[in-house]
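**Q** Just dropping this structure here.
The values are calculated or read from the model by the stated rules, or taken from the named source; none is laboratory data. Note that the coordinates shown come from a computational prediction; the quantities given were computed from them, not determined experimentally. Reconstructed Cβ throughout: ideal geometry from the backbone, glycine too, with neighbour counts over all protein chains shown. Only protein heavy atoms, including side chains, enter the accessible area calculation; ligands, DNA and RNA are left aside. Shrake-Rupley method; radii C 1.70, N 1.55, O 1.52, S 1.80 Å.
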Amino acid sequence: MLLELDNVTVSYGRIEALHGISLTVGEGEIVALIGANGAGKSTTMRAISGLRPVGQGKIHFDGQDITKMRADLRVIRGVSQSPEGRGIFPGMTVRENLEMGAYTRRVRAEVDEDLQRAFDLFPRLKEREKQAGGTLSGGEQQMLAVGRALMSRPKLLLLDEPSMGLAPMLIQQIFDIIVEINQQGTTVLLVEQNAQQALSRAHRAYVLETGRIVKEGSGNDLLTDPAVKDAYLGVA
Ligand SMILES: Nc1ncnc2c1ncn2[C@@H]1O[C@H](COP(=O)(O)OP(=O)(O)OP(=O)(O)O)[C@@H](O)[C@H]1O
Ligand SMILES: [Mg+2]
């Protein structure tokens, strides 16, 4: 397994948000994490990327215990997160934002190659290369956040609601791009409100409810699961 969470708890102050969750992501997979608002999806992502400390339990990545590893060292090991709410640098240009994502990288030629790849995946960003990040539309900022996360050449890409705030056509597109990124060799853990899309693109998925994993299965199994349909797919 590339990533393994074993009984992980995370608290905010005295309130426990994750009550011991276990999940795995195999190399080459797209794994989706779905659940209602406040279920703990972003908290799970933060625990994996190291932005939030783990209370109990263990996180293993690529054969190493990273439970207590600093966030920046996890990036070097190959974990990269595109955070919820974008979090790009508004005063920097599109190109500078992308280059910031490559701060762990040393070989200029490779960084240029990856810039090219980001621009190939997101032609819209190429057109706006010199525009300040903060002046991009919401959807364009979302693309920039995903593009920037890719610039560290991660083994594991963590995407927290990449379709948030996007128009329906762009939602399709961003999911197509996620599949393409995956087919180019990057493992993906994806958090989504858009359960329909996420489950139809993911190899496997987990359902999170108030800090606990309550269900797991193939994307297809969960798509056709009556309880999942009722709660998350908005179909009667
Ligand atoms: N910084 C914080 N301080 C205190 N409580 C927090 C903090 N961040 C999250 N929480 C709480 O932890 C729980 C899980 O939040 P989290 O952001 O992980 O949910 P989520 O599944 O990502 O929800 P959403 O779909 O709305 O993004 C919620 O009850 C939330 O209020
Ligand atoms: Mg969230």
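**Q** For the list (1) within 16 Å of ligand 1 (Cβ to nearest atom); (2) open to solvent by less than 30 Å² (accessible area, probe 1.4 Å); (3) β-branched (Val, Ile, Thr), I need the number of the one condition that residue 187 fails.
**A** Answer for residue 187: the failing condition is (1).
**Q** Something else about it: Out of all the residues in the range 140-150, which are within 16 Å of the chain's Cα centre (by Cα) and either open to solvent by 10 Å² or more (accessible area, probe 1.4 Å) or in contact (Cβ under 8 Å) with a residue 60 or more places away in the chain (or both)?
**A** Selection gives 141, 143, 145, 146, 148, 149, 150.
**Q** For the structure I just gave you, tell me whether residue 4 is in contact with a helix residue (DSSP H, G or I) (Cβ under 9 Å, 6 or more places away or on another chain), under 22 Å from residue 154 (Cα atoms), open to solvent by 20 Å² or more (accessible area, probe 1.4 Å) and at pLDDT 95 or above.
**A** In short, no.
**Q** Give me the residue from the range 62-87 that is under 20 Å from residue 188 (Cα atoms) and of a type in the set (A, V, I, L, M, F, W, C) and, out of that set, most open to solvent (accessible area, probe 1.4 Å).
**A** Step one: list which residues in the range 62-87 are under 20 Å from residue 188 (Cα atoms), which gives 62-67, 71-87.
From what is left, the residues that are of a type in the set (A, V, I, L, M, F, W, C) are 66, 71, 73, 75-76, 79.
Values: 66: 1, 71: 29, 73: 73, 75: 33, 76: 116, 79: 5 Å².
Going through the qualifying residues, I end up with 76.
For (1) surrounded by fewer than 20 Cβ atoms within 10 Å (Cβ to Cβ); (2) of a type outside the set (Ser, Thr, Tyr); (3) over 19 Å from the mean Cα position of the chain (by Cα), each residue gets a yes or a no:
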{"position": "96", "(1), (2), (3)": "yes, yes, yes"}
{"position": "100", "(1), (2), (3)": "yes, yes, no"}
{"position": "107", "(1), (2), (3)": "yes, yes, yes"}
{"position": "136", "(1), (2), (3)": "no, yes, yes"}
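**Q** Out of 234, 165, 211, I need the residue that is open to solvent by less than 10 Å² (accessible area, probe 1.4 Å) and either farther than 25 Å from residue 105 by Cβ or in contact (Cβ under 8 Å) with a residue 40 or more places away in the chain (or both). Which one?
**A** Working: 234 fails: open to solvent by less than 10 Å² (accessible area, probe 1.4 Å); 165 fails: open to solvent by less than 10 Å² (accessible area, probe 1.4 Å).
Step by step, each of 234, 165, 211 is checked, and only 211 is open to solvent by less than 10 Å² (accessible area, probe 1.4 Å) and either farther than 25 Å from residue 105 by Cβ or in contact (Cβ under 8 Å) with a residue 40 or more places away in the chain (or both).
**Q** Test each condition in (1) farther than 21 Å from residue 82 by Cβ; (2) open to solvent by less than 40 Å² (accessible area, probe 1.4 Å); (3) not in a strand (DSSP E or B) for residue 9 and report the one that comes out false.
**A** Among (1) farther than 21 Å from residue 82 by Cβ; (2) open to solvent by less than 40 Å² (accessible area, probe 1.4 Å); (3) not in a strand (DSSP E or B), residue 9 violates only (3).
**Q** Same structure again: Among all residue pairs at least 6 apart or on different chains, which show Cβ distances below 9 Å where the first residue, located in the range 41-60, is among the polar types (S, T, N, Q) and away from ligand 2 (no atom under 12 Å from the Cβ) and the second is assigned to a helix (DSSP H, G or I) and open to solvent by 20 Å² or more (accessible area, probe 1.4 Å)?
**A** Filtered contacts from the range 41-60: 49/71; 49/75.
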